[in-house]
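Student: Next up is a structure, given as structure tokens.
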Amino acid sequence: MSRAYDAVLMHPPAIFDANERPRFFGPMARTVEEGTEQLIIPSIGLFSIADYLDRNGFRVAIDNIGARVVADKSFELAKYIDTINARVCGISLHWLAHAHGAIYLAKLCKEKHPDSIIVLGGLTATIFHYEIISKYKFIDLVIRGEGEEPFLALMKSVDASRLSTGIPGSTWRRDDKIVVEPSAPSLKDLDEYEFTRIDLVQPGHWFFPTGGSPDVPYWQLPVSRGCSYNCATCGGSSYSYKRYLERNRPTFRSPAKLVEDLRRLREQGVRAVFLFQDPRMGGRRYWEGLLGEFKREGIAVDHITMELFMPADEDYIGRISQLDVSVSLTISPESGSEEVRRRQGRYYSNESLFRTVSICRKYDLPLLVFFMVALGYEDQMTIHETWRVWEKIHSVQRGLGGVGFGPMIVLDPGSRAFDDPRAHGYRIVYKNLEDHVKAFSLPSWHQWLNYETVKLDRRMVANLILDSLERSIHIREKYGIYDRTTAFRERFLVRLNRLILSEVDSAMSLDEGAREAKIADIYDRVKGYIDKVDSGKRACARATVARGIEGMPNGRPTPSGPAAPPRSRAISAPSPRPGSARPLSPPGCP
Ligand code: SF4
């Protein structure tokens, strides 16, 4: 059988059938708004794996299925998968929130292409590798840990669509027995791997969405892989990397390589780049070297965003402000309560946070300060502390920067809190992958929450998220970020969400037929409002998808894409997204 591709690497939607069945996403998109409620931003590891395979002579494409689903509500996924012709279908299951999308996409790929090998990889797939191979017979193999070398070994060994032994870091099925191969070592030199291969992405010339208008071509680049910190709910923490990903310490990319990457991205049309992970983790010598290289060589794009994993002093912020490019910063204290923050694993005071905000103001650097709500040990008192901190930040920033917040929805598997919830103030509701897939089949976001806390049950968690939304609308209106009309619309949506929650809860007590009818009825009644809110995001996704479809028959993967950028060195693996391994985490960590 002739094949157009050796491997197609797919980023799934979060919810596989959201265009066919009623789903109430509520504030799910709130944490990373540009990712939309279907979380269409792929893990950066997909790019390095694709490049590595390409440079080793395999025909490969990355296909953002999630973006296609969001861009077009009538997109026929089954028909589309029919058109894919690849020996190996690799599906990213990095973030747990994609559990439903990844598993059903894998099932569909196997139904349509029984001779293709279906592979899952990423952090979540790594944690649940044994369960995946035990329960889902349509998945042939899971790649655990950092994926570049194992995926290449897989491609080299696949013969006539049959798997063979010895692929490091793989878990697979041989004659109904599960084989867990020894882990692959973590990568030692990240400069060997390439994160800038926009040409390999389908829809072609897909950029990361910014959610802005106009949509500036935007990309993300890792400064390092791994983390020195140990935030309790993060699957990209030092603990998680050590325990599950064979990585004992972060590896940093060289300043020269980052400068080269920025040039390469500019050549492909990128104007803004999010450099994720805090360079200060590499020590003073590293960050001074990086900023020195940026200053000497120049930054080829118009804007960069950098992360602060901890508050920063004037020395660091002052030097960043001297770069000859527009820069913004992000920091995520998570909670305004020092006690809740400390229990999350972030050890700094509000005083040092406000000092950082003031220094950024002094140097005219926009700073986004990001919070989560309903964390371990959170209660009414701590949430009020958080709200007070939001106001104070706004009053110091005076319009430069902003305050964001989002719900957590799921605790990362592999995080300290997931592995030992009681010690961190949590209770896990769904423990294995199958539980999560079933939960994401339920109609509403509040049923997808995979945790409670020692102080809040799930309904209280959902209410606290909505209360915080209302509070943030009030503050945004007060500080002139929302006009009255916007504030009115946002308040209306919160009230609508409260109503949906109680209507869905009451529907759940009905028998199956009546329940489905009632859910469909609720959906029909609120759909018009939801569509209006979604339309901006869908337009944004459509713009990125359209860019690809323009130059590509049927918007399908084609064997030859645009010219590849100059080849550099090799690839990478399941890597944490901006700031953490959570899909639902903000661009900006601690
Ligand atoms: S949340 Fe960010 S700083 Fe904290 S452990 Fe995760 S990657 Fe590291």
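None of the figures in this text is laboratory data; all of them are computed from the coordinates on show. Every value quoted in this text rests on a predicted model; they were computed, and no experiment measured them. No Cβ is skipped: glycine too gets one built from the backbone with ideal geometry, and neighbour counts run over all protein chains shown.
Student: Using the count of nearby Cβ atoms within 10 Å as a rough guide to exposure, how do Leu353, Leu411 rank from fewest to most?
Tutor: Leu353, Leu411
Student: Under 1.5 on a/c is rounded, so check that first for region 5-187, then, if it is not, pick prolate when a/b is larger than b/c and oblate when it is not; a ≥ b ≥ c are the square roots of the alpha carbon gyration tensor eigenvalues.
Tutor: It is prolate, given that a/c is not under 1.5 and a/b is the larger ratio.
Student: Per residue of the chain, what 222 nm ellipticity follows from adding -39500 (n - 2.57) for every DSSP H run with n ≥ 4, rounded to the nearest 500?
Tutor: -12500 deg cm²/dmol
Student: Please sort 280-293, 55-68 by packing, taking for each peptide the average over its residues of neighbouring beta carbons within 10 angstrom, highest first.
Tutor: Highest mean packing first, the order is 55-68, 280-293.
Student: List residues of region 415-446, by number, whose backbone nitrogen lies under 16 Å from a label position 7 Å along Cα→C-beta of Asn463.
Tutor: Output list for this probe position: 446.
Student: With a Förster radius of 45 Å, plug the Cβ-Cβ distance of Leu400 and Arg284 into 1/(1 + (r/R0)^6) and report the FRET value to the nearest 0.05.
Tutor: 0.95
Student: Can you classify region 39-86 as rounded, prolate or oblate using the Cα gyration tensor, where a ≥ b ≥ c are the square roots of its eigenvalues, rounded means a/c under 1.5, and otherwise it's prolate if a/b beats b/c and oblate if not?
Tutor: Oblate.
Student: Quick one: net charge around Tyr241, please, counting Lys, Arg +1 and Asp, Glu -1 for every other residue with C-beta under 9 Å from its C-beta.
Tutor: +4
Student: Once Lys and Arg get +1 and Asp and Glu get -1 on their Cβ, which of His436, Leu9, Leu400 lies farthest toward the positive end of the dipole of the chain?
Tutor: Farthest along the dipole direction, towards plus: Leu400.
Student: Using Cβ counts within 10 Å as a stand-in for footprinting exposure, how do Leu466, Leu275 rank, fewest first?
Tutor: Leu466, Leu275
Student: Let me make sure I get this right: for the chain, a, b and c are the square roots of the gyration tensor eigenvalues over alpha carbons, sorted descending. Under 1.5 in a/c it's rounded, otherwise prolate if a/b > b/c, else oblate. Which is it?
Tutor: Cα axes put the chain in the rounded bin.
Student: Of the peptides 187-199, 318-330, how do they stack up when ordered by the mean number of other Cβ atoms within 10 Å, highest first?
Tutor: The peptides rank, most packed first, as 187-199, 318-330.
Student: A further question follows. Using the per-residue mean of other Cβ atoms lying within 10 Å as a proxy for protection, in what order, highest first, do the peptides 362-372, 105-115, 85-95 fall?
Tutor: Highest-to-lowest ranking by the protection proxy: 85-95, 362-372, 105-115.
Student: Under 25 Å from the Cα of Lys73, which lysines turn up, not counting those fewer than eight places away in the same chain?
Tutor: Lys107, Lys110, Lys112, Lys438, Lys518, Lys527, Lys532, Lys537
Student: Give the separation of the Cα centroids, region 212-266 to region 309-324, in Å.
Tutor: Answer, in whole Å: 19.
Student: Here's a follow-up. Give me the number: length gained by fully extending Asp302 to Glu20, i.e. 0.36 nm times residue separation minus the C-alpha to C-alpha distance, one decimal in nm.
Tutor: Extra length from Asp302 to Glu20 when fully extended: 97.5 nm.
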